[in-house]
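Report on the following structure.
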Amino acid sequence: MDKFVKPRPQFPKKAVVTSGMPYGNKLLHFGHLGMILRADVFARFLRDRIGKDNVIYVSGTDCYGSPVIEAYRKLQEEGKCKDKSMLDYVTENHNKQKEVLDRFEVSFNFYGGSAIGRASVVHKDVSKWFIEKLYQNGMVSKHSSYQFYDTKHKCLLNGRQVVGKCPIDNCQSEKGYADECDLGHQYLPQDLIDPVSTLSGEKPVLVKVENLYFNLENCTEILNEWINSIDRKSDTPQFMVKEIKEFFKKPEIYIKRDYFDEFDKVKDTLPPFTEIERGEKAPKTIVFDKLEDRETACEILAKHSIRYRTGKTLTPFRLTGNIDWGVPCPTIDGIEGQTFYVWPESLWAPISFTKTYLESKGFDENEWQKYWADPDAQVYQFLGEDNLYFYGPAQQAMWLYTQGSHPLLNPEKGQLQLTKINPIKSILYMNKKASSSGSVKPPMANEFLEHYTAEQIRMHFLAMNLANNNVSLSPKAFDSEASDDEIDPVVKEGNLLTNVYNRILRTVFYSTQAHFDGVLPRSSIDASTMEECKKAILDVERFMYDKKFHQVFNALDVFIRNINKYWVKEINNCVTEEKLGHLTANTMQMIFVANTLLHPIAPSGTENVADYIGFNKDLCFDWANIFGKYESVLDRSRGGTLKELKPKEDFFKRHQSQLDELAKKNQA
């Protein structure tokens with residue numbers, strides 16, 4: 001009886017992988033790597049698992065939005081961008097981002113820019129389709145909402161041009177902006193605490209401006225149904241479920257205890273609410289049935305100088321604004337001449353990139369639907385925890401309501417399918433939260449390549465348990481307080497390649513060259529070896545499916561170390577050429593499996609191993625062959641002949657700086 005009775009996970013026939021888009025005003029830092037490298041490993045795995053022609057990995061530069069505008073404005077003030085248009089500015093940053101990602105061996109099918117080239121044209125069409133579809137289905141409304149206005153500069157302020165304190169209760173963010181904080185909490189502009197204009201340094205006033213909104217506050221019921229439908233699935237992070245469900249609460253206000261007496265004087269003037277006691281020291285909680293009632297209450301409380309915080313809840317999701325640098329929005333409900341707010345258009349940008357990529361390959365204009373609008377396909381989105389609101393409630397609701405006014409949770413073929421969200425927890429830097437807008441600045445991605453190889457970084461990020469915990473990135477090369485004898489955590493994970501896997505590869509190569517003239521001996525493979533290989537394959541498959549990459553690393557670590565142990569244990573018994581040939585065949589079988597499983601993580605190194613062994617690369621990384629014997633994927637023209645491996649040659653190398661440091665220690 002097969003002891004592997006647990007059903008294997010079911011993968012889609014086609015897949016799109018996306019990762020969070022960096023803004024066009026910045027270069028890549030380590031936080032971007034945390035998302036992008038995990039997405040790349042998964043995309044590469046899917047290509048091996050379901051076929052490379054069935055997987056598309058897209059992402060790109062988020063060219064629009066107030067962070068880009070504000071950064072460009074400051075550079076112009078400093079005289080650094082005089083000869084560059086906004087498009088020149090974001091295109092230059094886009095090219096630099098792509099250059100660094102290439103160095104990390106990120107395998108995008110398409111890395112575009114929402115304002116760059118053919119993708120920008122496609123993106124305008126997709127944006128127009130979305131808003132017209134949502135409006136047609138009764139989910140877009142015109143609202144007069146508050147926006148900040150700088151009286152000194154006589155202009156409306158957008159996004160990052162206003163800085164204050166987040167009004168969401170218990171928020172730990174360093175900065176709150178016009179309608180969201182740097183941790184991704186959404187709120188209405190009038191709720192921002194102590195706003196200051198970045199243009200004048202003065203307090204802006206609030207004025208009413210008409211914009212278009214998606215009626216997200218009306219979607220609680222179907223979103224609850226969605227989150228409950230994925231809650232117990234093995235590939236759903238529980239912290240994601242918890243955080244998203246917090247947005248489904250009714251609108252709440254929290255009154256500080258110091259203001260209880262003042263509150264009692266005005267509470268009868270507030271819209272209907274329910275008061276909840278949370279304990280003697282807790283703030284007073286008042287709950288409203290409707291969002292507009294809460295906002296009316298906030299205005300009354302503010303008028304009487306009563307300090308309060310608001311709770312998470314679903315609010316109308318802004319679709320448009322009055323920024324010139326943006327995707328043009330068609331005239332809807334009398335609102336004309338506006339551009340799309342950056343967040344909604346960045347959510348459907350991966351569709352634009354997919355369409356652009358498929359068009360460049362000569363496919364029919366509807367080919368994208370086989371990836372985004374087919375129940376047999378799946379879209380996997382990798383993002384940071386602080387963007388859960390957008391990719392969770394906002395995106396899923398917009399996708400659902402492209403169907404019509406009464407959407408199905410499981411859409412029919414031809415309708416946009418719900419995506420799988422794969423968030424990561426925060427990557428701390430030296431145990432501190434770092435951000436380009438915060439007090440602790442993150443090191444740039446390219447700086448890591450001055451001290452580590454791309455494979456070492458890929459291994460290190462994979463080993464982080466970011467699916468469950470905040471993890472500190474503490475590379476020794478960046479740690480001024482690290483002692484000389486301290487182990488470098490980045491090098492440590494990379495050692496699985498540079499030490500352990502290298503060791504068994506060299507051993508088998510040198511043994512085969514010495515005893516069999518470099519030709520792999522033909523011999524039977526033990527059932528126990530095939531069983532151990534099968535277990536490793538199924539473990540990695542399950543962990544990959546669940547996106548538990550740290551467990552993928554652990555499973556590979558155990559398997560590769562066991563290959564070494566097996567050789568060491570058996571080599572002393574190989575008193576004849578036949579026994580050595582048998583040991584070599586069994587070891588090569590495990591190397592074949594290990595090399596296939598490592599391929600998504602260390603692509604160049606494993607492909608080099610395959611070349612030296614003589615594996616057919618079209619066969620050896622294809623999971624259609626992974627349960628078979630290694631002889632079946634050998635290049636027949638090579639006849640099992642290994643390429644010569646010279647003395648002290650490595651398949652997986654350390655960074656030159658590490659080799660120089662090691663040489664100094666040896667000399668000392």
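What to note about this one:
- Hey, Gln172 under 26 Å from the mean Cα position of the chain (by Cα) and surrounded by fewer than 22 Cβ atoms within 10 Å (Cβ to Cβ) or not: yes
- Whichever residue in segment 460-473 is without any contact (Cβ under 8 Å) to a residue 60 or more places away in the chain and crowded, with 17+ Cβ neighbours inside 10 Å and, among such residues, is farthest from His655 (Cα to Cα): Val471
- Residue in segment 548-567 that is outside any helix (DSSP H, G or I) and modelled with pLDDT of 95 or more present: yes
- Positions within segment 599-635 being more than 24 Å from Ala43 (Cβ to Cβ) and either of a type in the set (A, V, I, L, M, F, W, C) or in contact with a Cys (Cβ under 7 Å, 6 or more places away or on another chain) (or both), in sequence order: Ile613, Leu634
- Subset of segment 388-431 that is in contact with a strand residue (DSSP E or B) (Cβ under 6 Å, 6 or more places away or on another chain) and surrounded by fewer than 19 Cβ atoms within 10 Å (Cβ to Cβ) - its residue that is farthest from Thr18 (Cα to Cα): Asn431
- Options Thr498, Thr512, Thr529: the member that is part of a helix (DSSP H, G or I), in the same structural domain as Leu645 (by TED's automatic domain parsing) and over 15 Å from Ala594 (Cβ atoms): Thr512
- Matching residues, segment 23-73, being among the hydroxyl-bearing types (Ser, Thr, Tyr) and not in a loop (DSSP other than H, G, I, E, B): Tyr23, Tyr57, Ser59, Thr61, Ser66, Tyr72
- Any hit, segment 78-90, residues being modelled with pLDDT under 95, in contact with a helix residue (DSSP H, G or I) (Cβ under 7 Å, 6 or more places away or on another chain), buried (at least 24 other Cβ atoms within 10 Å of the Cβ) and assigned to a helix (DSSP H, G or I): no
- Listed by position, the strands (runs of 3 or more DSSP E) inside segment 217-319 whose residues that are surrounded by 15 or more Cβ atoms within 10 Å (Cβ to Cβ) number at least 3 are 252-255, 284-287, 308-310.
- All positions within segment 613-632 that are more than 34 Å from the chain's Cα centre (by Cα) and assigned to a helix (DSSP H, G or I): Ile613, Tyr630, Glu631, Ser632
- Odd one out for Phe110, checked against (1) surrounded by 23 or more Cβ atoms within 10 Å (Cβ to Cβ); (2) within 18 Å of the chain's Cα centre (by Cα): (1)
The values are calculated or read from the model by the stated rules, or taken from the named source; none is laboratory data. None of the values given here were measured: they were computed from a predicted structure. As a convention, Cβ positions derive from the backbone with ideal geometry for all residues, glycine included, and neighbour counts pool all protein chains shown.
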